[in-house]
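Colleague: Have a look at this one.
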Amino acid sequence: MAGEVLVVMGSDSDFAAMKPCVQLLRRFGVSFEAHVCSAHRTPAALHALVERMEREGMKLVIAGAGGAAHLAGVCAAISKKPVIGVPIDSSALEGVDSLYSTVQMPPGVPVAAMGIGEAGATNAALFAVEILALSDKRLAERHAAYRTEMAESVAKKDALLQKELERLSQP
Ligand code: RP5
């Protein structure tokens with residue numbers, strides 16, 4: 001199998017925002033292929049890519065794009081697998097155009113829209129992990145460990161805050 005996840009971005013300029021997504025997929029041991037492919041500049045190549053990945057057993061798509069971002073919607077039109085969209089801030093409208101384009105799919109062909117930019121890309125990877133973990137016990141355990149680690153880091157931050165507040169209350 002080529003990869004469980006297809007990560008596709010409309011341009012290489014989207015990669016800075018999409019980097020946390022591929023880094024997290026790698027950390028969780030999720031197999032993926034990542035490509036630059038554009039819904040409007042290379043429509044035939046996008047069609048071929050999504051169809052090939054689907055034939056080879058891909059389980060879902062993560063699509064990041066900026067501007068009038070129709071990449072995720074077009075992937076969802078081609079594939080019947082879940083598509084997670086990441087709007088990217090690459091235009092004068094600071095990603096709000098991409099957010100609306102990604103989130104406002106007309107009824108019938110859904111896209112799971114994340115937030116704008118790196119935070120959205122991070123959550124896209126985690127959302128993909130949550131979907132894949134439904135049928136992968138080891139991945140579910142890794143995800144649970146990630147949540148525990150995150151909770152521990154918040155607890156550490158709180159402990160530091162309490163210390164600082166105590167220090168400030170000293171005369
Ligand atoms: C979109 O246009 C891409 O997803 C990118 O966010 C934006 C700008 O692309 P480049 O001009 O940087 O290639 O299709």
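Taken together, the values in this text are just the output of simple stated rules run on the coordinates, not laboratory data. Everything numeric here is computed off the predicted structure, so don't read it as measured data. Cβ atoms come from the backbone with ideal geometry, glycine included; neighbour counts cover every protein chain shown.
Colleague: Out of all the residues in the stretch 30-88, which are touching a residue at least 40 places away in the same chain (Cβ under 8 Å) and of a type in the set (D, E, K, R)?
Modeller: R52, E56, K59
Colleague: Another question about this same structure. Kindly indicate the residue of the stretch 72-87 that is closer than 17 Å to R41 by Cα and within 15 Å of the ligand (Cβ to nearest atom) and also farthest from the chain's Cα centre (by Cα) among those meeting that condition.
Modeller: Within the stretch 72-87, the match that is farthest from the chain's Cα centre (by Cα) is V74.
Colleague: Shifting gears a bit: So P110 ticks every box in (1) within 15 Å of the chain's Cα centre (by Cα); (2) within 22 Å of M53 (Cβ to Cβ) but one. Which box is left unticked?
Modeller: So the condition that P110 fails would be (1).
Colleague: D14 passes all but one of (1) part of a helix (DSSP H, G or I); (2) within 9 Å of the ligand (Cβ to nearest atom); (3) surrounded by fewer than 20 Cβ atoms within 10 Å (Cβ to Cβ); which number fails?
Modeller: Status for D14: all satisfied but (3).
Colleague: Filter the stretch 34-71 down to the residues that are within 16 Å of the ligand (Cβ to nearest atom) and either of a type in the set (S, T, N, Q) or in a loop (DSSP other than H, G, I, E, B) (or both) and list them by number.
Modeller: Correct list: C37, S38, A39, H40, R41, T42, G67, A68, A69, H70.
Colleague: Answer yes or no: is there a residue in the stretch 71-85 that is over 18 Å from A125 (Cα atoms), among the hydroxyl-bearing types (S, T, Y) and touching a helix residue (DSSP H, G or I) at 6+ places or on another chain (Cβ under 7 Å).
Modeller: The answer is yes; a qualifying residue exists.
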